[in-house]
Amino acid sequence: RFSWGRFRKITLKMFPVLNWLFSYRFREWILRDLHAGLSVGMFQIPQELLGVWLTKLPLPNINGFLSAFCCSLTYVIFGTSHHISIGSFSILNVAVTNILKIPNFNQTLSSNGWLNNFSDPTFMKDYTEALTLTASVTFLTGIIQLLLGCFCLGFVTTYVPKTLIDAYLTAAALHVIVSQFTFIFDIMFDFHKGPLGIFYNLFHYFLALPKANATSILLFLLSMAALRVNTSIKITYKHSPITFPMELLLIITVTIISNRIHLHAESSSAVVSRIPQRFLPPTLPDLSNLSKIIQHAFSLAIVSYFLLVFVGERYASLHNYNIASNQELIAAGLCNIFSSFFKSFVVSCAISGTVIQEKTGGRTQLAAAIGASMMLVIALKLGRFFQVIPNDILAAIVVFNMLPFLEKFLDLPILWRRDKYHFVIWLVTFAAVLCLGLDVGLAIAMGFTFFIITFRSHRMKMVVLGQIPNMNIYRSLSVYRAAREIEGIKIFQCCSSISFANMHHFKTYLLRKMDMKAVPLDESEMRALISLSDTAVERTYLKCSCVCDSPLPPPRIPYTEKLVKKCHADSDSSSSSVNLVHWSKYGDKLSSRTFLVGAADASPDFNTGLTTKKNEDEGRSACLSPGSAIDDSSVQLDQEEQPVHSPCPVHTIILDFSMVQFVDLIGSELLRQIIHMFHNIGITVLLAGCHSSLMADLEKNDFFGSCVTKERFFLTLHDAVLAALDNHQQPDELEPTAKEFAEEQFAEQQKVEYLA
């Protein structure tokens, strides 16, 4: 049914601009957004030109500016981040040019010459084909992002830890810095793309250093010094700090000086003067070569989206707001679709522009709208003044704005002390992205992160608990000195879910702590179990049935292993033929009788695994040392021999499942077998603290039966301890710390109710 509330919610979700537009604080935010918009808009003009210079593909500057304007306004309407500046990303642009196999524009844009003659038919054919292929790649990238967003696949970013984001952005910043060496040293060569491409490029830069332009390097260093001094200038507006617009001042100053004294002739060559000035009208992309570019387009779609979300998440966490991952995917797709109409490159987050927009005080996307409008007006009306701006000045701005991402190296020692798993994720992500590129490195980082998350979530962690005296609190015996183990009871706390991935460790830990091992049942014991399971089914020696009748399910075997005492190295004999030995103790002397408990001695009801009344009358239980000789005959001990002080035998195991979220089908079957195996040797297994969802999962997995009943489950751990003590000790032998504490609590509660 239609409702205005639902319509309003859907509208605000589809058009996030309405969220901040209707709640805009004009007096507080307008000057901040205006300041940020002017700085970003002035920087976007040379930024677009630098991207064209790196790709060596002479896209008309009017097309580039119109594409940037349309993409910025599109993100203002559909984007959810308040600080993202949309634009071309140099590394993605280089990746697009590597797809172009038809023309080679290495000689088209040179550092010392003008463009080739556009009247040449061969050149124009290759040029048009290259622009058409670029538009097709950009359009298909946008379509892929739009489809992924419509199918709500942006949720994948919720599984990406902040560690991976920081490492990815740090490696991406290094890629951007290396790409700016072309303008810093005024050296032009073909960028190597692929594994270890950044190191190949650094090696070529090192070889070409003797040919570097000294004036270009000097201008770069002076610009970096000016930007560094800017960090010491503090401006406060309405009790909030604002960064001085040094980038804006630097670009305006250098532009004026370059037009007066032709500074670009002494430093790196100008950009605008080498780009065609005519406008190519918007056209629909050509998808005839879809099979050739779909793989590259998918890679660009993933990388550009994750780059956008990673930077958005970084600044959203700094300013305490959230971004919608699916909406960001839709916004990125629409931006790339509009960009393809102008034959432009794939757009994503312009990291330098985003840094400038955030540090100059931008509060909403109004700053991006102001910047895009100013960029378009200045580029179209005053573009001739930017024809002589040196590239090294712009490279200095880009490099300086990348430095904050490199500061994450300083946090690595802290990360190592806090969480070594996240430290490893950081190193693997950084190394993969730096060495293999933004696309392959991202895939490796995501795969490794998911592996670590799965490993940690399924890694079994077990703790042996003890009781804090005079309290119903149970803590780890290895951590709390005050914790004491209850006589005859072993308490294990499982700190993770039980699944097929960790069930072996769960079983091994229990048996190791109980000083036991599991051995397979022999053939006769298996037949005995099967015969016992068939007693409930009516059997005849001769039975006729139709072949088309469905066969009966095979009998369910409760367990396939039995528990035996471990054989220790200092033992003189083996006890592998005995499941478990119950020893009786009279006074301070050990009895001369042993009781062998096997599968046939086990009774199906709940209390059969407990000590019988007859054994209780004979005396309290005690254990021999593991090295004692055991066989079917009686063992007569010297009456004058001193008694052996051994720990009391365990009659109950309590599993604290308060931290267990789920038990899968394989894990529940293993847990059922463990309960049966311990029940078979006279040890009761109780479970405490199970959540209702866990109980529902166990019921679905057909966990309960004649032996494993819900009577073994208790709401709290203390209830399970009291039940175990009540079933295995006389009332006058109950542990005072548990019994008396419960009675004292009840008396205090009655007293409080009476006084109230």
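The values are calculated or read from the model by the stated rules, or taken from the named source; none is laboratory data. Being a predicted model, the structure only gives us computed values, none of them experimental. FYI the Cβ positions are ideal-geometry reconstructions off the backbone, even for glycines, and counts take in every protein chain you see. Accessible surface areas use protein heavy atoms only, side chains included; no ligands, DNA or RNA. Shrake-Rupley method; radii C 1.70, N 1.55, O 1.52, S 1.80 Å.
Does Phe400 satisfy the condition of being of a type in the set (Phe, Trp, Tyr) and closer than 23 Å to Arg32 by Cα?
On the way: of a type in the set (Phe, Trp, Tyr): yes; closer than 23 Å to Arg32 by Cα: yes.
Here the answer is yes, as Phe400 does meet what is asked.
Going through Ser476, Ser499 one at a time, which residue ends up being touching a His at 6+ places or on another chain (Cβ under 9 Å), farther than 30 Å from Ala95 by Cβ, among the hydroxyl-bearing types (Ser, Thr, Tyr) and in the same structural domain as Leu715 (by the TED database)?
Ser499
Does Gly371 satisfy being over 30 Å from Ile198 (Cβ atoms), open to solvent by less than 10 Å² (accessible area, probe 1.4 Å) and touching a residue at least 12 places away in the same chain (Cβ under 8 Å)? Steps first, answer last, please.
On the way: over 30 Å from Ile198 (Cβ atoms): yes; open to solvent by less than 10 Å² (accessible area, probe 1.4 Å): yes; touching a residue at least 12 places away in the same chain (Cβ under 8 Å): yes.
Considered against the rule, which asks whether it is over 30 Å from Ile198 (Cβ atoms), open to solvent by less than 10 Å² (accessible area, probe 1.4 Å) and touching a residue at least 12 places away in the same chain (Cβ under 8 Å), Gly371 comes out as yes.
Can you give me the number of residues within the stretch 504-525 that are in a helix (DSSP H, G or I), open to solvent by 50 Å² or more (accessible area, probe 1.4 Å) and at pLDDT 80 or above?
5
Taking the conditions exactly as written (open to solvent by 30 Å² or more (accessible area, probe 1.4 Å), of a type in the set (A, V, I, L, M, F, W, C) and assigned to a loop (DSSP other than H, G, I, E, B)), does Phe279 satisfy them or not?
For Phe279, the condition - open to solvent by 30 Å² or more (accessible area, probe 1.4 Å), of a type in the set (A, V, I, L, M, F, W, C) and assigned to a loop (DSSP other than H, G, I, E, B) - is met.
Being closer than 16 Å to Leu92 by Cα and part of a helix (DSSP H, G or I) narrows it down to one of Ser317, Ser304, so name that one.
Working: Ser317 fails: closer than 16 Å to Leu92 by Cα.
After applying the criteria, what remains is Ser304.
Does Leu59 qualify as being open to solvent by less than 10 Å² (accessible area, probe 1.4 Å), assigned by the TED database to the domain that holds Phe279, modelled with pLDDT under 90 and of a type in the set (A, V, I, L, M)?
Numbers: open to solvent by less than 10 Å² (accessible area, probe 1.4 Å): yes; assigned by the TED database to the domain that holds Phe279: yes; modelled with pLDDT under 90: yes; of a type in the set (A, V, I, L, M): yes.
For Leu59, the condition - open to solvent by less than 10 Å² (accessible area, probe 1.4 Å), assigned by the TED database to the domain that holds Phe279, modelled with pLDDT under 90 and of a type in the set (A, V, I, L, M) - is met.
Does Leu218 qualify as being in the same structural domain as Val96 (by the TED database) and surrounded by 12 or more Cβ atoms within 10 Å (Cβ to Cβ)? Walk me through how you get there before you give the answer.
Values: in the same structural domain as Val96 (by the TED database): yes; surrounded by 12 or more Cβ atoms within 10 Å (Cβ to Cβ): yes.
Answer is yes for this residue.
Residues of the stretch 420-454 being open to solvent by 40 Å² or more (accessible area, probe 1.4 Å) and over 12 Å from the mean Cα position of the chain (by Cα), which ones?
Residues satisfying the conditions are Lys420, Val424, Leu427, Val428, Ala431, Leu436, Asp439, Val440, Ala443, Ile444.
From the residues in the stretch 666-708 that are within 17 Å of Asp656 (Cα to Cα) and of a type in the set (Ser, Thr, Tyr), which one is most open to solvent (accessible area, probe 1.4 Å)?
Ser692
Would you say Ile187 is open to solvent by less than 30 Å² (accessible area, probe 1.4 Å) and touching a residue at least 24 places away in the same chain (Cβ under 8 Å)?
Numbers: open to solvent by less than 30 Å² (accessible area, probe 1.4 Å): yes; touching a residue at least 24 places away in the same chain (Cβ under 8 Å): yes.
When the stated conditions are applied, Ile187 passes them.
Among Ser90, Ser72, Ser85, which is at pLDDT below 75, under 17 Å from Thr354 (Cβ atoms) and crowded, with 21+ Cβ neighbours inside 10 Å?
Values: Ser72 fails: at pLDDT below 75; Ser85 fails: at pLDDT below 75.
Criteria check complete, one pass: Ser90.
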